[in-house]
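This report refers to the structure that appears directly beneath it.
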Amino acid sequence: ELQRFVQDVLDGIACCIFAYGQTGSGKTYTLYGRQDDDSRGTPAPDAPALLDAGRADNGIIPRALQCVFDSVATLREAGWQYTFAMSFVEVYNEQLHDLLDLDARPVLRTDQGGVPRLHGVSAVVVGSAAEAFGQLRRAAQNRTIAATS
């Protein structure tokens, strides 16, 4: 099902993968896949296999990234040129958090056409799957991890 989103990205259309649900419902597993963690669900910084390309237990985000860069490799051979920028935003307790720039203050505003747009979010340019996975690891390590009563 990710292939249509990957094609949209390659066609220049901005895409967003969004997971919503209560605590413990499986959002992290769905998005990231099985993680080598510290028992709180946060990625262990020293887990070398965490969020690496080609893992059979990867979630939606790593699979999508791998698919994008696999497709781009073929298209670049045909002369196409691409530039990719990544952003990761978390909504936690109704607050927006930029997971690649912890000092940023993202804001959701509605434009004149009534379409909500996110402003003030960092975007990191990545040139390869390895760079993209590095940013994904960084974002995962900056997620909010807390018990909810």
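The table below gives the values:
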item: Options T148, T42, T144: the member that is in contact with a Phe, Trp or Tyr (Cβ under 6 Å, 6 or more places away or on another chain) and modelled with pLDDT under 85; result: T144
item: Selection from region 99-149 of residues that are of a type in the set (K, R), under 11 Å from V89 (Cα atoms) and within 12 Å of the chain's Cα centre (by Cα); result: R143
item: All positions within region 118-140 that are within 26 Å of V72 (Cβ to Cβ) and either open to solvent by 50 Å² or more (accessible area, probe 1.4 Å) or of a type in the set (D, E) (or both); result: L118, A123, V125, A130, E131, R137, R138
item: Unmet requirement for T83, which otherwise passes all of (1) more than 23 Å from N58 (Cβ to Cβ); (2) out of contact with any Gly (no Cβ under 7 Å at 6 or more places or on another chain); (3) open to solvent by less than 60 Å² (accessible area, probe 1.4 Å); result: (3)
item: Checklist (1) farther than 21 Å from T28 by Cα; (2) out of contact with any strand residue (DSSP E or B) (no Cβ under 8 Å at 6 or more places or on another chain); (3) open to solvent by 70 Å² or more (accessible area, probe 1.4 Å) applied to Q95, failing item; result: (1)
item: Filtered residues of region 68-118 (kept if assigned to a loop (DSSP other than H, G, I, E, B) and over 27 Å from I145 (Cα atoms)); result: A78, G79, W80, Q81, Y82, T83, D111, Q112, G113, G114, V115
item: Flag for L65 being in a loop (DSSP other than H, G, I, E, B) and modelled with pLDDT of 85 or more; result: no
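The values are calculated or read from the model by the stated rules, or taken from the named source; none is laboratory data. These numbers come from a predicted model, not from an experiment. Reconstructed Cβ throughout: ideal geometry from the backbone, glycine too, with neighbour counts over all protein chains shown. Keep in mind that these areas ignore ligands, DNA and RNA; they rest on the heavy atoms of the full protein, side chains included. Shrake-Rupley method; radii C 1.70, N 1.55, O 1.52, S 1.80 Å.
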